[in-house]
Structure formats: structure tokens, C-alpha cells
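Working notes, structure below.
The values are calculated or read from the model by the stated rules, or taken from the named source; none is laboratory data. Small disclaimer: the values here were computed from a predicted structure and weren't measured. All Cβ positions, glycine included, derive from the backbone under ideal geometry; neighbour counts span all protein chains shown.
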Amino acid sequence: MEPTASRPLGPARACGSHRLAPSVPGQRVCAGQKGGERTGPNPTDRGRPGSKRHIITEANGIPLAVQLTAANVHDSRVFEDLIDAVPPIRQRRGRPRRRPAKLHADKAYDMPRCREALRRRRIKARIARRGVDSSERLGRHRWVVERTLAWFGRFRRLTVRYERRADIHEAFLSLAASLICWSYVQR
């Protein structure tokens, strides 16, 4: 028997790539690897990784813009990006409007930067004030957004996020928004 050269063992790697493992970024290599792009600790679900859908709807609940962020991102951080994502609104006559006339929002958007963003875009702000307005007055308008979020929840692929890549999940969100619009047009 020939003596084998002994070499020092390095630290054991829990998950390493070898020639049989997939090398595509975003694909699960280890069984315990979770998360993905645009996930963060969910404050309402004991810190488990999650995502949040931010949405702007029109008065009937048709989604105008949808954006995906980590669950721990505050709503007011993506407010301006969401408003800028709204496509031009067609009218019966004249040039299409670029922005809606007014925007209803809950108390999470009661910040000076959100009000200033609306003022710069010449949109009338209907934002509930913290400590002043009750939730009952806003409920007349808020239920439309909640119903639209429930419509997104009907799509099984969106209720639990299986995709690690954010672009794939956003594609499913866009497809769901298109199907919601299509079902509204069919009625």
C-alpha cells in the first residue's frame, strides 16, 4: 500500500458549487437557502422573509401601477416611483392626462415628502392625517384598494412567492394586473 500525502482540511463548506451543481444565479443550490431579490424581514410575520405589493388603482379598482419591494420597506419610500409609473389616462376628448386629478391615501403616506411630491405633480392630496382623521372616513375609498389586493390574492402563484428572482415575480404581477383589467372589460 502506498502512503498518501496528507493535506490539511479546510473549513467545511455548507453549500459549494461542484461540477454537477447548477451555476445559474438565483437558482437554489442548497436546500436551506431561502429569500431572493426584494425580500426582507416581514414585521407582521415574525421576521420571516417576505415581499410587499404597492399598488395604485383607479376609482373602480383597476390597477394602474404595481411595484414589488421587500416587506420591511415603508410605503412612503416608493411613493414617488409608484406615481411616476402611472400611464397616461385617456379621456373622451382632448389630450391624455399624464396624472390623476386627486389621490386618496391612508395614514402611512402622511409625510411631508409625500405631500410635496403630489404638490409638484399638481395632484390634489387626500391623505388621512395621523392623530387627526379617523379610519372610518378613509374607509369609503380604501376598500377599493383592499379589494384589488384580494383580486391579486386569487392568483395562486402570487399568494406564496416561490420565485427567487424579482423580475419573474414582477412579470407574474403584471400578468395578474392584465387579467384583472381584462375581466373588468369583459363585464
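Let me spell it out: the conditions are (1) touching a Lys or Arg at 6+ places or on another chain (Cβ under 8 Å); (2) of a type outside the set (Ser, Thr, Tyr); (3) at pLDDT 85 or above, and Glu58 meets all of them except one. Which number is the exception?
Glu58 satisfies every listed condition except (1).
How many residues are over 19 Å from Thr148 (Cβ atoms) and in a loop (DSSP other than H, G, I, E, B) if we restrict to the range 161-179?
4
Give the residue, chosen from Ala166, Ala101, that is in contact with a Leu (Cβ under 7 Å, 6 or more places away or on another chain) and of a type in the set (Gly, Ala, Ser). Before the answer, list the steps.
Details: Ala101 fails: in contact with a Leu (Cβ under 7 Å, 6 or more places away or on another chain).
Exactly one residue qualifies, and that residue is Ala166.
Mind checking which residues of the range 60-94 are in contact with a helix residue (DSSP H, G or I) (Cβ under 7 Å, 6 or more places away or on another chain), within 25 Å of Ser183 (Cα to Cα) and not polar (S, T, N, Q)?
Gly61, Ile62, Pro63, Ala65, Val66, Leu68, Ile83
Which count do you get for residues in the range 53-84 that are within 22 Å of Gly153 (Cα to Cα) and over 12 Å from the mean Cα position of the chain (by Cα)?
Going through the range 53-84 one residue at a time, the tally reaches 8.
Give the residues of the range 76-126 that are surrounded by 13 or more Cβ atoms within 10 Å (Cβ to Cβ) and among the polar types (S, T, N, Q), sorted by residue number.
The answer is Ser76, and nothing else.
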